[in-house]
1. Condition check: outside any strand (DSSP E or B) and modelled with pLDDT of 90 or more. Does SER11 satisfy that?
2. With the structure loaded, tell me whether PHE127 is at pLDDT 90 or above and either open to solvent by 50 Å² or more (accessible area, probe 1.4 Å) or not in a loop (DSSP other than H, G, I, E, B) (or both) or whether it fails that test.
3. Across the stretch 23-71, which residue is nearest to SER104 (Cα to Cα) among those that are surrounded by fewer than 13 Cβ atoms within 10 Å (Cβ to Cβ) and β-branched (Val, Ile, Thr)?
4. Looking at (1) open to solvent by less than 100 Å² (accessible area, probe 1.4 Å); (2) charged (D, E, K, R); (3) modelled with pLDDT of 65 or more, can you tell me which one GLU114 breaks?
Amino acid sequence: SNWDNLGTNSSFNSHLILTGGTKFEISNSLTFLPNLLISKTLSNPTRIDLIGYFDFQNKFKFGLGFRNNESILGVFQIKINHQYLIGYSVDYISNGLNTNYLMSHELNFQYVGEDIRETEKLSCPMF
């Protein structure tokens, strides 16, 4: 069965991920958000992403980052409303090891199911 493949001899890899960030308000309309992500699988080297985002009026976000001295990241996002966000990111390979491709592109669409604002209070249905 598939369950027999789990364990220390498994072909499935465990992923360990540590992430963190903070928020600095530069002005009423501009915020800086640095973010660090450290990812490790047992069969691959540790991956470290360091990205800094600038958020303008909580509507537009753009940022630059680095991944393990091997690539440069660029991100742009537009917040349509409180539930929808569209983004584009590019990853430029800068170490010259892979000559087959130098860039990867990603489009993303984010949907948040509940529109909960800070002023709203949620009650527990148990009480």
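1. No, not satisfied.
2. So PHE127 does not fit the description; no.
3. Among those that are surrounded by fewer than 13 Cβ atoms within 10 Å (Cβ to Cβ) and β-branched (Val, Ile, Thr), it is THR46.
4. (1)
The values are calculated or read from the model by the stated rules, or taken from the named source; none is laboratory data. Model, not experiment: these values are computed from the prediction. Every residue, glycine among them, receives a Cβ derived from its backbone with ideal geometry; neighbour counts consider all protein chains shown. Just so you know, the surface numbers come from the protein's heavy atoms only, side chains and all, with ligands and any DNA or RNA stripped out. Shrake-Rupley method; radii C 1.70, N 1.55, O 1.52, S 1.80 Å.
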